[in-house]
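Worksheet: one structure, shown below.
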Amino acid sequence: MTPIPAPAYLQHVGTAVPRHAVHEALLAYARSRLRTGPERELLDRVARRSGIAQRYAVQPPGRTEAGEIDAAGFYRPGAFPTTAVRMALFERQALPLALHAVQALAPPDELAALLARVTHLVVGTSSGFMAPGLDVQLVDAL
């Protein structure tokens with residue numbers, strides 16, 4: 001008979017998102033790229049039904065004269081950055097954001113003791129990837 005493993009428990013969860021709220025700006029941009037009212041209505045319906053109330057980005061929102069989606073001009077219609085360029089941005093931004101999530105786990109004077117008891121680390125992102133992975137970089141940084 002196979003022994004039943006001990007139950008696992010999540011003791012602490014740290015989360016962090018980039019500082020710029022971009023949900024409305026992104027939807028406005030997407031609507032501006034559609035040609036007809038029915039297309040915009042469909043987008044609005046899909047956005048409502050997605051259940052996504054907010055989106056965040058490392059780039060500040062804001063349209064410019066040239067039509068960029070973000071104020072920094074990273075995403076330009078007709079000249080969106082390549083995957084390599086986007087992943088380079090992810091690599092610069094991911095570790096500081098992950099460290100922010102870790103710092104949110106406990107007050108500074110209790111954080112070292114908490115980290116000493118960590119047995120597992122789960123890192124999730126839908127924004128990018130790199131090697132070594134964010135989990136490895138986070139462990140090294142801590």
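The values are calculated or read from the model by the stated rules, or taken from the named source; none is laboratory data. None of these values were measured; they are calculated from a predicted model. Here Cβ is always computed from backbone atoms with ideal geometry, including for glycine, and neighbour counts include all displayed protein chains. Areas reflect the complete protein model, heavy atoms only, side chains present, ligands, DNA and RNA absent. Shrake-Rupley method; radii C 1.70, N 1.55, O 1.52, S 1.80 Å.
If you place +1 on the Cβ of every Lys and Arg, -1 on the Cβ of every Asp and Glu, and leave all else neutral, what size is the dipole of the chain about its Cα centre, to the nearest 20 Debye?
Values: 14 positive and 12 negative charges, 124 e Å.
Value, rounded to 20: 600 debye.
With every protein chain present, what accessible area does MET130 have (1.4 Å probe, heavy atoms only), rounded to the nearest 10 Å²?
The accessible area comes out at roughly 30 Å².
Counting only helical runs of four or more DSSP H residues, what would the 222 nm mean residue ellipticity of the chain come to if each run contributes -39,500 (n - 2.57) and the total is spread over all its residues? Intermediate values should be presented prior to the final figure.
Numbers: 5 runs with 62 residues, N = 142.
About -13500 deg cm²/dmol.
Relative contact order for the chain: what percent, with Cα pairs under 8 Å and sequence separation of 6 or more?
Values: 113 pairs, mean separation 34.5, N = 142.
Once normalised by length, the contact order is 24 percent.
Taking all protein chains in place and a 1.4 Å probe, what share, in percent, of the accessible surface of the chain do carbon and sulfur account for? Spell out each step's value before the answer.
Details: 6050 of 10570 Å².
Ligands and nucleic acids excluded, carbon and sulfur reach 57 percent.
For the chain, what are Rg and Dmax over the alpha carbons, in angstrom?
Rg and Dmax of the chain, Cα atoms, are 19.9, 69 Å.
In whole Hz and in residue order, list the ³J(HN,Hα) couplings for the stretch 91-103 that follow from phi through the Karplus curve 6.51 cos²θ - 1.76 cosθ + 1.60, θ = phi - 60°; x for Gly and Pro.
Here the 3J(HN,Hα) series is 4, 6, 9, 5, 5, x, 5, 5, 5, 4, 5, 5, 5 Hz.
HN-Hα J couplings of the stretch 115-130 from phi, Karplus 6.51/-1.76/1.60, θ = phi - 60°, integer Hz, Gly and Pro as x?
5, 5, 9, 5, 10, 9, 10, 10, 10, x, 8, 10, 8, x, 8, 6
Please turn the phi angles of the stretch 9-18 into ³J(HN,Hα) values with the Karplus equation 6.51 cos²θ - 1.76 cosθ + 1.60 (θ = phi - 60°), one per residue in order, whole Hz, x for glycine and proline.
Couplings: 10, 8, 8, 8, 10, x, 10, 7, 10, x Hz.
Quick one: which residues, 5+ away or cross-chain, put their amide H under 5 Å from the amide H of TYR56? H built at 1.01 Å from N.
VAL22
Would you please give the FRET efficiency between ALA84 and THR125, computed as 1/(1 + (r/R0)^6) with r the Cβ-Cβ distance and R0 = 25 Å, to the nearest 0.05?
Values: r = 17 Å, r/R0 = 0.70.
The value I calculate is 0.90.
Would you mind getting the accessible area per residue of the chain, heavy atoms of the protein chains only, 1.4 Å probe, in Å²? List each step's numbers first, then the result.
On the way: 10570 Å² over 142 residues.
In whole numbers, the chain has 74 Å² accessible per residue.
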